[in-house]
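S.K.: Pasting in a structure now, in structure tokens, and then I'll have a few things to ask.
The values are calculated or read from the model by the stated rules, or taken from the named source; none is laboratory data. Predicted model, so just to flag it, every value in this text is computed and none were measured. Every residue, glycine as well, gets a Cβ built from its backbone with ideal geometry; the counts of neighbours run over all protein chains shown. To get the accessible areas, we keep the full protein, side chains included, count just its heavy atoms, and leave off ligands, DNA and RNA. Shrake-Rupley method; radii C 1.70, N 1.55, O 1.52, S 1.80 Å.
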Amino acid sequence: MAGNDYSNDLPDKAKRSILRNLFTSMIAFGGLVGVIFPVFAKVALDSEKAMSIPFAMMCVGAGLAVGAVNFWIFKVVVKEEIDRIGAGMEKINNAVNDAMQGVPGKVGDFRLNVISDDMIGSLVTSFNGMSQAISGRINHEAQMRGYLVRLADSVDLAKNSKVILQSFIEGSNATCGVLYAAFGRELELMTSIGIDRSKDLPVKIDSRQGAAMAAVESREVHILNTERDGLNWVTQSSPFGKLSPSMVAMVPLAVEGACLGLVILGSSEERLDGDRRRLVEELRVYAAPYLQNALLHKRIEQMAAMDGLTGIMNRRFGMRRLKEEFSKAIRKGDPLSVIMFDIDHFKMVNDTYGHAAGDAVLRSVAATLEENIRAGEVACRYGGEEFLLVSTDCGIEAAVSLAERLRKVIEATKVSWEGETLSVTISVGVAAWPLIKTSFVKELVRAADEA
């Protein structure tokens, strides 16, 4: 038998054959009946022949034969069932050893058919219960290992969020779900699966309000009814249209008492209990540190991408984003515009009021820029007093209009510095693809700079 062999660990008294002992006992009992039977025969029949040697030998032989036949019947009838149970236990033992050695694969069903209602039937029933518990645990641990391997594969926030949500949906047998990550008091939508991304799906949730509050504050799973608790924005796509799940599970992901995220699962079933509830509880403990690492990596990445003075993207990461958006525009055939501007007479501000005043001007311009661009547009400090703005799906006319609007807004924004009011103006240049026929980012930036 594969796996560990424990037979050598048994004491000598235990190394014996139960079948051999049973055979010996049945033969001995048959022989004893054969010896005693002539005495009963003499009393019952009152015949001297009952005590004769031939009759006694015949009785002993018959007793031995009956014992042997009884043993054979037992072996045929009972041993077959015992061998069937033994074969099942061998399969379980092999599966346990494979699981301990990390062999991938799902364990099948080891349950045996119960064909009797006696002691053997009870034994088979007990075996089935044991095998089901063992196979369930092995499969559970294999499933968890699979989730953890996928989570450990990357520290990218978007990718990890997708893996975490997919793992929860598979483990809970939910039909749809969303995952929010915590940024301060707000929970920001990271990803969704199976939910209609309509305008009613909130991009951000205040963790101090609504249905999320109880789960976030208690750090415990909360089960809600969609109709009773007013979660009508949760809808699931199906071949029959949009369906509203009967149950919504709020699953907080927390590390050391701090809530890092919230998984919201929708299911057509009204309860989450048994093995699915246990898996969700276990998975949220393991998933939370991976989400924490991804959030930390994201913050470090953002810090590396930010210009320390103005708080907007620095040149290195701004150019990286420009390359990404430019490649996407070329691939899809969508227009893309680059707007460059610098602050007029910036050296005069530094010479007249000092570099601290120049820093205040830079911060004011960057803040105004951030406040007046669309989501998805990329703004960065290109260097010194130069700024660059990448506007996707934007042709030359729209880019010129945007540049003129930014010029006016910045000119209208006054900077207060030590009792002085500083006026800021900018000079702007615009270049757009495919009006500028190039396949190189540097040429597009050069065209905007020259403009």
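S.K.: Could you state the angle between the C-alpha long axis of helix 18-45 and the longest principal axis of the C-alpha atoms of the chain, as a value from 0 to 90 degrees rounded to the nearest 10?
M.R.: Helix 18-45 sits roughly 30 degrees off the main axis of the chain.
S.K.: Sticking with this structure for a sec: The list (i) 61, 57, 43; (ii) 69, 55, 39; (iii) 144, 48, 44 gives values of Cα extents along the principal axes in Å, and only one came from this structure; which label was calculated from it?
M.R.: Computed from the coordinates, Cα extents along the principal axes in Å corresponds to (iii).
S.K.: I've got another one for you. Rounded to the nearest 500 deg cm²/dmol, what is the calculated helix-only ellipticity per residue at 222 nm for the chain, with -39500 (n - 2.57) per DSSP H run of length n ≥ 4? Could the numbers behind the result be given before it?
M.R.: On the way: 11 runs with 234 residues, N = 451.
Using -39500 (n - 2.57) per qualifying helix, the result is -18000 deg cm²/dmol.
S.K.: How tilted is helix 396-412 with respect to the longest principal axis of the chain? Cα atoms for both, answer in degrees (0 to 90, nearest 10).
M.R.: Helix 396-412 sits roughly 70 degrees off the main axis of the chain.
S.K.: When ligands, DNA and RNA are left out and all protein chains stay put, how many square angstrom of accessible area per residue does the chain have with a 1.4 Å probe?
M.R.: On a per-residue basis, 57 Å².
S.K.: What FRET efficiency comes out for residue 301 versus residue 114 if R0 is 56 angstrom and r is the Cβ-Cβ distance? Round to the nearest 0.05.
M.R.: Values: r = 59 Å, r/R0 = 1.06.
After rounding to 0.05, the efficiency reads 0.40.
S.K.: Collect residues whose amide H, placed 1.01 Å from N in the peptide plane, falls under 5 Å from the amide H of residue 255; neighbours closer than 5 in sequence don't count.
M.R.: 260
S.K.: Convert each backbone phi in the range 78-89 into a coupling constant with the Karplus relation 6.51 cos²θ - 1.76 cosθ + 1.60 (shift: θ = phi - 60°), then list the ³J(HN,Hα) values in order as whole Hz, x for Gly and Pro.
M.R.: Here the 3J(HN,Hα) series is 8, 4, 4, 5, 5, 4, 5, 5, x, 5, x, 5 Hz.
S.K.: Continuing with the same structure: First check a/c for the range 240-388, with a ≥ b ≥ c the square roots of the eigenvalues of its C-alpha gyration tensor; if it is under 1.5, answer rounded, and if not, answer prolate when a/b is larger than b/c or oblate otherwise.
M.R.: prolate
S.K.: Could you compute the longest span of the chain free of GluC sites (Glu not before Pro) located in DSSP loops and having at most 14 other Cβ atoms within 10 Å, not counting the site residues? Walk me through the numbers before you get to the answer.
M.R.: Numbers: sites that count: 220, 227, 256, 269, 270, 418.
Result, exposed sites excluded: 1-219.
S.K.: Now for a different question. Considering amide H positions built from the backbone, and no H for Pro or chain starts, which residues 5 or more places from residue 191, or on another chain, come under 5 Å of its amide H?
M.R.: 179
S.K.: Separate question: Using the Cα centre of the chain as the reference point, and only Cβ charges (+1 on K/R, -1 on D/E), how large is the resulting charge dipole? Debye, rounded to the nearest 20. Write out the running numbers ahead of the final one.
M.R.: Values: 51 positive and 56 negative charges, 230 e Å.
Using only the charged Cβ atoms, the result is roughly 1100 debye.
S.K.: Calculate what fraction, in whole %, of the accessible area of the range 303-409 sits on carbon and sulfur atoms when a 1.4 Å probe is rolled over the protein chains.
M.R.: Working: 2680 of 5290 Å².
Looking at the range 303-409 in its full context, I get 51 percent from C and S.
S.K.: Got a sec? Charge dipole of the chain, +1 on Cβ for Lys and Arg, -1 for Asp and Glu; which of 432, 138, 254 is way out at the positive end?
M.R.: It is 138.
S.K.: Moving to a separate point now. Search the structure for amide H atoms under 5 Å from the amide H of residue 183, placed 1.01 Å from N in the peptide plane, and list their residues when 5 or more places away or on another chain.
M.R.: When sequence neighbours closer than 5 places are left aside, the close amide H contacts are 188.
S.K.: Please name whichever of 372, 317, 126 sits farthest to the positive end of the charge dipole of the chain, dipole taken about the Cα centre and charges placed at Cβ: Lys and Arg +1, Asp and Glu -1.
M.R.: Farthest along the dipole direction, towards plus: 126.
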